[in-house]
Structures are given as structure tokens and as C-alpha cells.
Amino acid sequence: MREKDIQYLDKEQLYELQLSRFKRTIERLFTSSPFYSKLWKKSGISPDKIKSLQDIRRFPFTSREDLRRNFPFGLLTLPLEKVVRVHTSTGTTGKPKAIFFSKRDINEAARLIARSMKMTGAKRGDVFQNMMSYGLFTGGLIFHYGAERLGVLVIPAGAGNTERQIELMQDFKTTIVHITPSYALYLADVLEERGVDPKNDLDLRIFYLGAEPYSEETRDKIEKIYGVDAFNSYGLSEMNGPGVAFECKRKDGMHVWEDNFILEIIDPLTGENLPDGEEGELVLSTINREAMPIIRYRTGDITYVYPEKCRCGRTHRRISRIKGRVDDMFIIRGVNVFPSEVERIIMNFPEVARNYQIILERESSLEVMRVKVEIKKRFFDGSIEHLRSLQERIKNKIKSELMVTPKVELIEPGTLPRTTGKSRRVIDNRKL
Amino acid sequence: MSKVQQISVFAQNKPGKIKRVTDILSRNSINIRAITIASGDEYGVIKLLVDDPGKAYQALAEKGLSVALNEVLAIKMEDKPGGLHRIMEILAENNINVEDAYGFVIKSGKIAVLVVNVKDIKKAKEVLLFKRIHLLEEKDLYQL
Ligand SMILES: [Zn+2]
């Protein structure tokens, strides 16, 4: 089937494709995966009982812990001579997860990236600077393969080394970059310091933002600073890396490539499936992977499925931007808060610069959320009254939207550590 | 009439901040006439009167500080009781909100100068002049 046709399959055809791939995956896992066959036999599941996609709900979840416990080879279903690559990822807990790829797996992962890039308007003749880290992280290499598959000129710049990134953009007239949102903001600061106007002095037109949660306001900011179209993308190593879901030109939710994945949203506490439109934890199953299929993987990411069809005509369902991680969410005075919500609120204030920090503390017996906000230099007019009023407005806005009264601190721009990779915005001092 | 301009610097309440500001100014041979700190809970605004406000503004901004330049009222206080009260009264009568005020003394306690921050500086000047309150000019400040 041609790439274009897959994206616009009608609902029934897409369903049939998913069901047949799902059945084939389960059958193969029963015979080739000791991990899954043991797990499923225990739950009384057999492959010939699968009649519809709904039947996936009878299967147990696969957790990050399962991947760690069975590190390194436990979920591999191919002999080593048929595997060509392994990526590992270490979480905060230290113990790594291993993800294996056959040659076909890499091609399929690259296919989804090429498809996604093309969807957003990338084409031959574009110059693509990949500012994601290469190596064990899938976000760099898999995107690289996808871009080459599409046929753009790839600069494998990797992460960091800001001086060189700027030189490369200038020398090769880079038109597309793949970048984390926090690094995009940092890079904007450095460009400003150098007197380079990203809008007029560079040739940029498309940004792919990924690898960390961020707000719609941050995207707007990046688009305005650079004068580009910035597209949101979603992926994780356990699911082949980047390109699991991608925004089309409508920029209204990310299409999950359902020919390769089965998508579910569950209540993270009960494990119950939730209907489209309801927010919960994203659960994904691979149905087009050879070396290491994973069924019902709990991603830990919070999102919801758009119930309506996208105006672009593609039938693959969309998920909202990731609101946060199940583990990032913190509870303060009984209220669930995602750092991304705080970010969205404060970024709506034009006076606020790009950096902020949330500190959770205990003052006597009361829990306190302290929000440190950098303010723009040009907003400062010498009036302490204006500072106080800004402080008050931020406080009230957070209070009315999140039901938590924060302590807002205004600080000078450049005071908080500037982050270049995944950023740590929340410091929880309550445990001490 | 030349305006009296005040330099304001945004500062978290860090002990080193004032020193940082005064160091930059002294390296640029700028003399400080008066310095005061208006403080919020966790941050403050350092306010300065200097002999070359334009140059000071540039020097501080170049070093990356959040800095602003505002016109203020500088009033020579008479050595009579009730002088301060009278000025505040005039401003209040005319609905002019005083954001901040500080005084400093020139020449071994002989002359006191009151610096007043108001939003509507033009109106404040008019009403004070109408009441024959003498406003100082920039050159007066440094010749006193
Ligand atoms: Zn679409």
C-alpha cells in the first residue's frame, strides 16, 4: 500500500489492518516470546480467541518495570543474528531498558518519520539540522534515518555545542531543525546575544519539537521568535523512538500512526479504559514490529484522544499534546498539579521571560508551592508597585485555575539555571 | 529646566547586588549622590541618584542588569518643621499618588533633599510650582 493511501484509509479498512496485524503479533509472541507466553497463559488468554480489537483489553499491561526486570534480552523475540541495533534508555531510577531493532524495524521506524516530515511540508531540497542527541537515545538516530529516507539533506549536528549549531545553520542555510523546546528557547537567547535575528538572518521554516512536555504558549513563543512553523511530535524508545504521533499542518493534535500502533487511554489508578475525549494515561501496543513487540505498554504520559476526525482528512486518531507524566504530577494540599499547567499560565503573561521553577516546601505544617518567575528586562520600569501588581496577578491566575495559592517570586532574567536538555522545573523539598 | 533622573535596578535581595551596582558605577567614574532600596518580600529595587544618569544606565544595562531610568521630583527641604508634611499635603490634595520617597543630606547635614517618585510627574511639577515649592534641577543637585 502506498504511504499516502495508508494515511487516508477509511475507518473500517484501518480497523481491519490493525486487527490482522494485532492477531499476527499475538500469535507470534505466543510462540517466540517466553515473557509474554508465560504471562498470558497465566491470565488464561489464547490467541485464537481474538475476535475484535476490543479483546486487547483482556491482556495485562506491560510496565517499565517489566522492561527493566527483563533487561537486557528478556523481551527479544529474534535470534541475535537477526537484530541489527539496540538502544537503551535509563530512567531516573538508574536501571536501563533495552530496545532491539531488526533491519525491518529500523526501516519501519524511518518510514513513520519520513511520513510525518512529509505531512508537515518537508521535501527534497530542505536542509535538516538534527539537534537531538545521537547515540543510545532514539530521538537522534531514528529521526536521522527517517529524514534520509525522505531525501532531505541531513546535518547530524547532535545536541549542544551552541556555537557550532549557529555556524552550521548559517553555513548550510538550514531550513528544518529537530530540537527540544527548552533548547530552542536557550538558542534564541544566544542568538539574541550574538545579534543574529532568527527571523531574517536565517533560513529556518520548520521546527520539530519533541522529547519533553511543553505548552502551547511555548510553541507560540518559538514560532514567533524564529518565524517558523513548529510541529509537535511524540515518541518514546519503547515504541521505536520518535514518530509514534505527529502533528499535521492543522497543528491540532498529533496523529498516532495507527497502522503501527494500537492506542488506548486508561485511568492510571484503576487501569480501566477511558472513552475518546477523556484524559488519562496513554497505553500503546506495537503491531508492526519484529524484534521486540510490546503489548499494552503503559507510557506514563497523560493525554486524551480527539473524538472528531481531523480536517486534514487523515483517519488516524489524534492525541492532545502531552499534559505531563503520571510520575511528574505532584499533589499539593490535596490538589493534582502538572508542571505544564503552571507553565501554560505563567507564559500567558507578556512580562514573563522564558525560565521558571517550581519549589515545593513545607512551612511549619503547611505545604507551599513557590513559583519563581523570571521577568523580562524591558518590563522593568523601576516601579516596585508594578512588580507587586504583576506578582499578585500571577498568583491570582494560578489560584483560580489550579485551586492552589502559590507564592510567586519575581526574579531577574538569567538567574535560574538555563537548561539545554530535558529540564528539571520542579524541586520537591518536602521530603527533607 | 533639566530633569532629575533616577536610576532603578531590579534586584533579588542578595547581599552582593548593591556592591555589584556600585562597582560598575565606580569603574565608570560615576558618582553616587543618593542610594536607597525599596524592598518587596523577596526582591527589591535599588534606586540611585548619580551625576551622569545616562552613562550609568548604559553601563548597568551592558552588564546585563534590569535597569530603568525615570524622572523624579527633587525638592529642597527647608530647615523648618512641617516642610515634608506640607509637600505631601499638596500632592495628596491633587490626587497625586506618591509611590516612594526618600531623603538625603548634602554637605554635612546642612541641606536636606527629598526625592519623590510619582506616576504623573508633569502634574506634580505643576502643582508644586504653583504652591511655590522650589524644585531642584540636575545641576543644582551636584552644585549643592
Ligand atoms: Zn490532520
>> Greater than 28 Å separation of Cα atoms is the criterion. Which listed pairs, A:LYS407/B:LYS3; A:LYS199/A:LYS372; B:LYS3/B:LYS63; A:LYS376/A:LYS399; A:LYS199/A:LYS395; B:LYS47/B:LYS125, meet it?
In response: A:LYS407/B:LYS3; A:LYS199/A:LYS372; A:LYS199/A:LYS395
>> Please list, ordered by chain and number, the residues whose modelled amide H lies under 5 Å from the amide H of A:ASN355; skip anything fewer than 5 residues away on the same chain.
In response: A:GLU374
> Where does helix A:103-119 land angle-wise versus the long Cα axis of chain A, in degrees 0 to 90, nearest 10?
Replying inline: 50
>> For A:THR415, A:THR62, A:THR138, which order do you get if you count the other beta carbons within 10 Å of each Cβ and list the fewest first?
In response: A:THR415, A:THR62, A:THR138
>> Suppose we flag GluC sites (Glu not before Pro) only when DSSP calls them loop and at most 15 other Cβ atoms lie within 10 Å. Which is the longest uninterrupted stretch of chain B?
In response: B:79-136
> Using a basic spin-label model with each label point 7 Å from the Cα along Cα→Cβ, how many nm lie between B:GLU137 and A:PHE73?
Replying inline: 9.2
>> Can you classify the range A:72-196 as rounded, prolate or oblate using the Cα gyration tensor, where a ≥ b ≥ c are the square roots of its eigenvalues, rounded means a/c under 1.5, and otherwise it's prolate if a/b beats b/c and oblate if not?
In response: oblate
>> Just want the ordering: A:THR88, A:THR286, from fewest to most Cβ atoms lying within 10 Å of their own Cβ.
In response: A:THR88, A:THR286
> In Å, the Kirkwood hydrodynamic radius of the range A:1-326 over pairs of distinct alpha carbons?
Replying inline: 20.4
>> Ignoring everything except DSSP H segments at least 4 long, calculate the 222 nm mean residue ellipticity for the protein assembly as shown; use -39,500 (n - 2.57) per segment, divide by total residues, nearest 500.
In response: -10000 deg cm²/dmol
>> Students often forget the sequence filter, so: which lysines lie under 26 Å Cα-Cα from A:LYS51 once same-chain residues fewer than 8 apart are removed?
In response: A:LYS11, A:LYS23, A:LYS38, A:LYS41, A:LYS42, A:LYS309
>> For a quick check: with amide H placed at 1.01 Å from N, whose amide H comes under 5 Å from B:GLY103's, ignoring anything fewer than 5 positions away on the same chain?
In response: B:VAL115
> How do A:ASP276, B:ASP100, A:ASP171 rank when sorted from fewest to most other Cβ atoms within 10 Å of their own Cβ?
Replying inline: A:ASP171, A:ASP276, B:ASP100
>> Along the charge dipole of chain B, pointing to its positive end and built from +1/-1 on Cβ of Lys, Arg, Asp and Glu, which listed residue (B:ILE32, B:GLN6, B:LEU65) has its Cα farthest out?
In response: B:ILE32
> Among the aspartates and glutamates, which have Cα under 14 Å from the Cα of A:LYS221 when same-chain residues fewer than 8 positions away are ignored?
Replying inline: A:ASP189, A:ASP229, A:GLU343, A:GLU351
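Bear in mind these aren't lab numbers, they're just calculated from the coordinates by the rules spelled out. Quantities reported herein were computed from a predicted structural model and do not represent experimental measurements. Cβ sites come from the backbone with ideal geometry, for glycine too, and all protein chains shown count toward neighbours.
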